[in-house]
Amino acid sequence: MSDPVLSVSDLSKRYGETPAVDGVSFTVARNEIVGLLGPNGAGKTTTINMILGVLAPSAGRILIDGVDVARRRREALARTNFAAVYAPLPGNLTVYQNLRIFGLIYAVPALRQRIEVLLDQFGLRELRNMKCGVLSSGEQTRVALAKAMLNRPHLLLLDEPTASLDPSVAQEIRALIQEFARREAGGVLWTSHNMYEVAEVCDRVLFLSRGRILLEGDPRSLPRQHGRRSLEELFIALAREPLAPRVAGHA
Amino acid sequence: MPSFKRIAAILLRQYYLMRGSAARVVPLFAWVTVDIVLWGFITRYLNSVSHAGFNFVPALLGAVLLWDFLTRVMQGVTMAFFEDVWSRNFLNIFATPLSLHEYLIGLVSSSIATSAVGLVVMVVMATLAFGLSFFVYGLMFVPFILILFLSGIALGIFGCALVLRLGPAAEWFVWPIPALVSPFAGVFYPLSVLPAWMRAISWLLPPSYVFEGMRALVAHREFSDGLLALGGGLAVFYVLLAGWIFTRVYRHAVRTGLIARYSAETVN
């Protein structure tokens with residue numbers, strides 16, 4: 001097995017005495033889509049923010065492609081990109097302008113051609129000169145994903161990317177991300193509250209609760225292993241009665 | 001080593017925003033035009049009623065022009081920064097390989113472009129409409145502009161740090177900064193008229209050296225190059241200090257999660 005594209009070791013974040021993330025360790029391999037699941041406040045977004053370098057960990061280490069985010073932030077983030085429902089691109093710029101600006105920031109080679117490819121890939125050609133602020137939620141998500149793919153990231157972080165989408169658009173987005181993981185050899189860390197989606201897309205899931213990983217495994221076999229009929233049922237059970245950290249279903 | 005492409009991205013963003021918005025372009029020259037017209041007529045009136053033979057145009061109108069330039073430079077930096085505040089773009093911007101230095105250089109570059117527009121408009125109007133001759137200042141005009149430019153940059157970066165630390169509502173602390181500084185900088189009067197405690201503060205402000213120098217030139221008095229160099233040194237020091245403060249505030253924001261939360265406008 002090749003080196004993981006993301007390696008997180010003993011990652012913690014405390015706010016005063018309150019732990020938001022508490023000694024979390026996991027990896028994401030190339031071509032792998034890993035689901036980061038958990039109830040609200042479990043520490044998913046905190047973990048993603050630490051990986052993105054916008055939140056300093058209290059302890060632990062994050063390596064992206066073997067590059068330490070804390071020590072070589074720029075190099076690590078050049079191999080990463082993200083899309084999050086709470087971080088829309090500036091609404092006063094057009095789709096093309098946003099892609100061009102972020103393409104320059106990520107120093108994307110042959111940027112104009114890359115943008116053209118992404119406009120086609122994400123069905124954005126018609127919207128190219130429209131300001132992002134007037135686009136629908138689904139269209140904005142597609143723009144955010146196109147931006148996230150600009151630099152052909154080795155690691156793609158997606159925080160509830162389909163949260164505001166109708167089922168049809170959400171399915172298209174899932175297919176695009178799966179294709180990315182397959183074709184571009186990238187690893188994906190995906191948070192979602194949609195268990196159907198997670199079961200369909202993710203190769204592996206991590207259940208996070210109160211900042212700790214409780215469970216890890218294949219989203220298709222985990223429910224059976226724990227006597228539940230579906231991932232959603234397992235999610236609800238774990239959210240209400242957390243197991244001891246990583247006691248079962250370890251992949 | 002800062003990347004030209006990343007700096008250009010910040011500059012390009014400002015260009016796109018300007019290109020698409022009259023509301024952003026008009027203020028670049030509208031307010032400076034109003035100021036030059038207003039003070040142009042005031043100086044013309046003062047010249048007509050003064051019996052001392054003193055020419056108010058280079059002393060007062062020149063002072064307005066130079067002070068407006070400093071204000072535009074500062075606002076050039078803060079406005080570019082506020083675009084990220086208003087569009088809740090911090091997470092997108094700072095979760096990239098863009099370094100803090102590149103970001104700040106991008107803001108400053110953007111300010112150079114926007115303040116240059118204002119300066120050209122002011123110089124043309126003051127010269128053509130009110131006969132302000134820059135020959136009065138001679139070559140000293142260059143260090144004057146340079147010191148005021150650096151001071152504007154320092155105030156701009158400090159304003160950005162203030163808003164990053166205190167949240168979007170703190171932008172109302174930023175707008176009055178030039179007005180708060182101007183009484184100490186002696187824009188319209190010599191520092192000798194100020195009480196001792198105000199004068200002590202004035203000598204810590206680089207623009208004071210510029211306006212004292214300007215008045216000395218207009219009155220054909222000597223002004224020490226050494227004092228101007230001191231003003232320049234102070235301006236450089238304040239730019240470095242403002243950069244240091246911004247870096248400290250940014251690190252605090254990364255430590256506390258403010259950068260990530262800023263996107264959600266939950267800063268208190």
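Any read-out appearing in this document is the output of simple, stated calculations on the displayed coordinates, not a laboratory observation. Model, not experiment: these values are computed from the prediction. Neighbour counts run over all protein chains shown; Cβ positions are idealised from the backbone, glycine included.
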| field | Partner lysines for A:LYS13 [C-alpha distance under 29 Å; skip if fewer than 8 residues away on the same chain] | value | A:LYS44, A:LYS147
| query | Stretch A:TYR15-A:SER230 to full length: gain in nm at 0.36 nm per residue minus the Cα-Cα span? | reply | 74.0 nm
| What is the packing order of peptides A:110-122, B:192-204, taking the mean over residues of other C-beta atoms within 10 Å and listing the highest first? | A:110-122, B:192-204
| query | Which of the peptides A:76-83, B:164-171 is most tightly packed, and how do the rest follow, going by the mean number of other Cβ atoms within 10 Å of each residue? | reply | A:76-83, B:164-171
| query | Which stretch or stretches of region A:11-48 have amide N atoms under 16 Å from the point lying 7 Å from A:ALA239's Cα along the Cα→Cβ direction? | reply | A:36-45
| field | Partner chain coverage, peptide A:90-96 - average Cβ within 10 angstrom | value | 5
| remark: Relative contact order in percent for chain B (Cα pairs under 8 Å, 6+ apart) equals 24
| Hey, got the average number of other protein chain Cβ atoms within 10 angstrom for residues in B:84-95? | 6
| Whole-Hz ³J(HN,Hα) from phi, Karplus 6.51 cos²θ - 1.76 cosθ + 1.60, for region B:9-23, glycine and proline x | 4, 5, 5, 5, 4, 5, 4, 4, 5, 5, 4, x, 8, 4, 4
| note | Ranked output for segments B:36-45, B:148-157, A:166-175 by mean other Cβ atoms within 10 Å, highest leading, reads B:148-157, B:36-45, A:166-175
| request: Multiply the residue gap between B:PHE173 and B:VAL124 by 0.36 nm, knock off their C-alpha separation, and tell me the result in nm, one decimal place. | output: 14.4 nm
| Given a cut-off of under 8 Å on Cα pairs at least six residues apart, what relative contact order in percent is computed for region B:25-103? | 24
| Shielding by partners, peptide A:75-88 (average Cβ within 10 angstrom, other chains) | 3
| query | For the Cα atoms of chain A, what angle does the longest principal axis make with the long axis of helix A:231-240, in degrees from 0 to 90, nearest 10? | reply | 60
| Once label points are set 7 Å from the Cα along Cα→Cβ at both B:LYS5 and A:GLU184, what is their separation, rounded to one decimal in nm? | 1.5
| note | Given a Förster distance of 22 Å, the FRET efficiency implied by the Cβ-Cβ spacing of B:ILE201 and B:LEU227, rounded to the nearest 0.05, works out to 0.85
| Taking only Cα atoms, what is the 0 to 90° angle, nearest 10, from helix A:167-183's long axis to the longest principal axis of chain A? | 90
| task | Could you please report the charge total around A:LEU99, scoring K, R as +1 and D, E as -1 over all other residues with beta-carbon less than 11 angstrom from its beta-carbon? | result | +4
| query | What list of ³J(HN,Hα) values in whole Hz, one per residue of region A:7-17 in order, does the Karplus curve 6.51 cos²θ - 1.76 cosθ + 1.60 (θ = phi - 60°) give from phi, with Gly and Pro shown as x? | reply | 10, 10, 10, 6, 6, 9, 9, 10, 10, x, 8
| field | Computed label-point distance, nm, for sites A:ARG73 and B:TYR45 using a 7 Å Cα→Cβ extension | value | 5.3
| query | Among all the aspartates and glutamates, which ones have a C-alpha under 19 Å from B:LYS5's C-alpha, if same-chain residues fewer than 8 places away are not counted? | reply | A:GLU75, B:ASP84, B:GLU102
| query | If Lys and Arg each add +1 and Asp and Glu each add -1, what is the summed charge of the other residues whose beta carbon sits under 12 Å from the beta carbon of A:GLY43? | reply | +4
| message | Output the 0 to 90 degree angle, nearest 10, between the alpha-carbon long axis of helix B:100-130 and the longest principal axis computed from the alpha carbons of chain B. | response | 30
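May I ask for the net charge around B:ALA216, where only other residues with Cβ less than 14 Å from the Cβ of B:ALA216 are counted and Lys, Arg are +1 while Asp, Glu are -1?
Values: positive: B:ARG215, B:ARG221; negative: B:GLU212, B:GLU222, B:ASP225.
Local net charge: -1.
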